[in-house]
1. Hey, which of the helices (runs of 4 or more DSSP H) in the stretch 62-128, taking only ones fully inside, have at least 2 residues that are surrounded by 20 or more Cβ atoms within 10 Å (Cβ to Cβ)?
2. Need the failing condition index for residue 3 against (1) part of a helix (DSSP H, G or I); (2) at pLDDT 90 or above, just the number.
3. Any idea how many residues of the stretch 110-144 are under 16 Å from residue 21 (Cα atoms), in contact (Cβ under 8 Å) with a residue 40 or more places away in the chain and aliphatic (A, V, I, L, M)?
4. Filter the stretch 6-32 down to residues that are more than 20 Å from residue 104 (Cα to Cα) and open to solvent by less than 50 Å² (accessible area, probe 1.4 Å) and give me whichever is modelled with the lowest pLDDT.
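The values are calculated or read from the model by the stated rules, or taken from the named source; none is laboratory data. Quick caveat: nothing in here was measured; it's all calculated off a predicted structure. Cβ placement follows ideal geometry from the backbone for every residue including glycine, while neighbour counts extend to all protein chains displayed. These area figures cover heavy atoms from the full protein model, side chains too; ligands, DNA and RNA do not enter into them. Shrake-Rupley method; radii C 1.70, N 1.55, O 1.52, S 1.80 Å.
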Amino acid sequence: MTDGLIDAVLRWAHVGGALVWIGHNYANFISRPHFVPFAGEAVAVDPSGNDFQARLSREHGTFRWASLLVWCTGLAMLWRAGLVADALSLRGAAVPIGLGFWIGTVMVLNLWLVLWPHQKKVLGFVSAPLEERARCSRVTFLSARVNTMLSIPLLFLMVAGAHGLLLD
C-alpha cells in the first residue's frame, strides 16, 4: 500500500507540476514579447506588497520551481521503476521515456540558464539599460517558444513510455 501511495504522489506531483510549467510556457508562447514597460529604472521588488513586481516575482518563481519538481519527480519515478540506467542510456523499452527525460532536461536547462537570467532584466528584477532589456525580451520570447515546441514531443514520449510504445 505504501509503495502505491508513493507512486501515486510522485505521478500526481509530476503531472501537476507539468501543467503549471507547460501552461506558463504556452501563455508565453501566445503572448507578445513585451512584459513590463521599458521606461525608467528597475522597481524594487517588495514580496510582502501587492504591487505588480511582487506578483510577477511570485508567478515566475512558481513557474521555475515547477520545472524542477517535474524533473525531480520524473527521475524519482524512473528510479522507483528501476529504469534510470536504461532511460539515460536510451536502451531497450526505456527509449521513449529516456528521450522524454533528455528533452525535459534540455527544457529545464533552457529555463534556468537562458530564459530566467534574461527575463530578470526584462521584468526589472535586475537593472539593465533599455537596449539590453529589449535584447533580453527577444531572447526570452524565443526561449519560451523553444520550450513550448519541445513540450509537444515530450508529452508524446511520456505517454508512449508509460502506455504502450515499447521498443525492445
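1. Working: elements: 84-88, 95-110, 116-122.
The qualifying helices (runs of 4 or more DSSP H) are 95-110, 116-122.
2. Looking at each condition in turn, residue 3 falls short on (2).
3. Matching residues across the stretch 110-144 total 2.
4. Filtering first and then ranking leaves 31.
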